[in-house]
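Heads up: the structure comes next, in structure tokens.
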Amino acid sequence: QVHLAESCGGLVQAGGSLRLSCAVSGSIFSSNTISWYRQAPGQQRELVASITSRGSTNYADSVKGRFTISRDSDKNTVYLQMNSLKPEDTAVYYCNARPAFLNWGQGTQVTDSA
């Protein structure tokens, strides 16, 4: 049973924007904090942003003011709006619960086009 599916990564220039999507199984979506994580080449996976079932959010310092996490209860989907992208944002982005108790998905690649 697939609980998570990330999508909408891509190639983007520095300063550009992307919106990532994470489709979440209903039972997981409604009762858990959902987070976006990322893993850059040669680096450990890190927490980027989280949103609780009530809509409270928090962010890593490196993305505050640039990224926005949101959730759509009708679609059981969590989004990550990424603006003012920097080369150091290049990574594979994953979603999971927090703590991350679900099997990791394939992730979606975000790459600086420079």
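Would you tally the net charge around K86, using a Cβ to Cβ cut-off of less than 15 Å, leaving K86 out, and scoring K and R as +1, D and E as -1?
Within the 15 Å Cβ shell, the charges total -2.
Taking Cα atoms of segment 39-78, Rg/Rh with Kirkwood Rh, to two decimals?
1.05
What is the ratio of the Cα radius of gyration of segment 1-66 to 2.2 N^0.38 Å, with N the residue count, to two decimals?
Taking N as the residue count of segment 1-66, the ratio is 1.23.
Give me the percent of the accessible area of the chain that comes from carbon and sulfur atoms, probe 1.4 Å, all protein chains in place.
Of all accessible area on the chain, carbon and sulfur atoms account for 45 percent.
Averaged per residue, what accessible area in Å² does segment 15-114 show with a 1.4 Å probe, protein chains only?
Counting only protein heavy atoms, the per-residue value for segment 15-114 is 51 Å².
Strictly under 4.7 angstrom between C-beta atoms: which cysteines of the chain have no such partner?
So, C8.
To check my understanding: the extent here is largest minus smallest coordinate of the Cα atoms along each principal axis. What are those three numbers for the chain, in Å, largest first?
Dimensions of the chain along the principal axes of its Cα atoms: 40, 26, 22 Å.
Just to be sure I understand: if I project the alpha-carbon convex hull of segment 55-114 onto a plane and average over all orientations, what area do I get in nm²?
5.1 nm²
Roughly how many Å is it from the Cα centre of segment 58-114 to that of segment 1-55, as a whole number?
4 Å
Looking at segment 1-86, which trypsin sites (Lys or Arg not before Pro) are in a loop (DSSP not H, G, I, E or B) and have at most 14 other Cβ atoms within 10 Å?
Within segment 1-86, the qualifying trypsin sites (Lys or Arg not before Pro) (loop, at most 14 other Cβ atoms within 10 Å) are R54, K64, K75.
Tell me the chymotrypsin sites (Phe, Trp or Tyr not before Pro) within segment 40-114 that lie in a loop according to DSSP and have at most 11 other beta-carbon atoms within 10 Å.
Passing sites in segment 40-114 are F101.
The values are calculated or read from the model by the stated rules, or taken from the named source; none is laboratory data. Everything numeric in this text was worked out from a predicted model, so none of it was measured. Positions of Cβ are backbone-derived with ideal geometry, glycine not excepted, and every protein chain shown enters the neighbour counts. These accessible areas exclude ligands, DNA and RNA; they are computed on the full protein's heavy atoms, side chains included. Shrake-Rupley method; radii C 1.70, N 1.55, O 1.52, S 1.80 Å.
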